[in-house]
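The values are calculated or read from the model by the stated rules, or taken from the named source; none is laboratory data. Keep in mind that this is a model prediction, so the values were computed, not measured. We place every Cβ from the backbone using ideal geometry, glycine too, and count neighbours over all the protein chains shown. When the accessible area is computed, the model is the full protein with side chains, heavy atoms only, and any ligands, DNA or RNA have been set aside. Shrake-Rupley method; radii C 1.70, N 1.55, O 1.52, S 1.80 Å.
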Amino acid sequence: MFSCSKRPVQTIENLKTAVNGESTASAKYAAFAVKAQEEGYDTIAVLFRAASKSEAVHAFNHKRILDSLDASDYVAKIDTIIVLSTEENLNTALNGEAYEVATMYPGFIETGRSEKCAAGVKTFTWASIAERKHYDFYKRAIAVIATKAETSLPAHWFVCPTCGNTYDDTYVTAVCEICMTKPDEFINFEIALSAEVIK
């Protein structure tokens, strides 16, 4: 089903690392969303919920490739979640995304290419593109908290269920710019519902 020229030993290990990281990020962002809601940061809570779902999609995609490489018995290892203030949580999230974008995924992609594992390269590339957007979203959220303008953040977010790409309500393309999924399949997150709504 997925293409790799031979058993990509290091890519398999990288996929396990990515499954762990994305599963942890999903759980962490869900917890951060609860804290943001408690502190009255409704728009940031929605952003964290959308990002949590995005990370869960990445973890699912990575695990699917693992399964295809005869590693279907692998179970994600989720790190301990530490929840602080929303501002601190945003900085934690920003640092995590920065590492994935600048270091983790570029290295994984390079290894996938050297091992001729197209499926690994694809899932890592999809996640990397979405993580770069998350980095920008968190950076903006930190800036508006500092200026006490949190309500200026988007209150409606969309997550592509195929690749995890994330959009706010100011910019939604005709099809997902990563995987070409149509927007009517996107998962919606908004303040009024405080949860995901699948149309």
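Kirkwood hydrodynamic radius, the chain, all distinct C-alpha pairs: what's the number in Å?
17.0
Along each of the three principal axes of the Cα atoms of the range 37-111, give the extent in whole Å, ordering the values from largest to smallest.
Principal extents (largest minus smallest coordinate, Cα): 46, 25, 21 Å.
Expressed as a whole percentage, what fraction of the accessible surface of the chain belongs to carbon and sulfur atoms when a 1.4 Å probe is rolled over the protein heavy atoms?
55
Mind grabbing the accessible area of ARG140 for me, 1.4 Å probe, Å², rounded to tens?
ARG140 exposes around 110 Å² with every protein chain in place.
How large, in Å, is the range 112-189 by the Kirkwood hydrodynamic radius built from its alpha-carbon pairs?
13.9
Determine ³J(HN,Hα), in whole Hz, for all residues of the range 112-126 in sequence, where each value follows from phi through the Karplus function 6.51 cos²θ - 1.76 cosθ + 1.60 and θ = phi - 60°; x replaces Gly and Pro.
Once rounded to whole Hz, the list reads x, 5, 5, 8, 6, 10, 4, 5, x, 4, 5, 5, 5, 5, 4.
Each residue of the range 156-164 in turn: what ³J(HN,Hα) in whole Hz from Karplus with 6.51, -1.76, 1.60 and θ = phi - 60°, glycine and Pro shown as x?
9, 10, 10, 10, 6, x, 8, 10, x
What dipole magnitude, in Debye to the nearest 20, does the chain give about its Cα centre under +1 on Lys/Arg Cβ and -1 on Asp/Glu Cβ?
Value, rounded to 20: 560 debye.
Compute the helix-to-body angle for 42-68: its Cα long axis versus the longest principal axis of the chain, expressed 0 to 90° and rounded to tens.
Result, in degrees: 10.
Taking the Cα atoms only, what angle lies between the long axis of helix 9-38 and the longest principal axis of the chain, rounded to 10 degrees?
Around 10 degrees separate the two axes.
List, in the order given, every pair from LYS6/LYS139; LYS16/LYS182; LYS16/LYS148 whose Cα-Cα distance in the structure shown is over 32 Å.
Checking Cα-Cα distances, LYS6/LYS139; LYS16/LYS148 exceed 32 Å.
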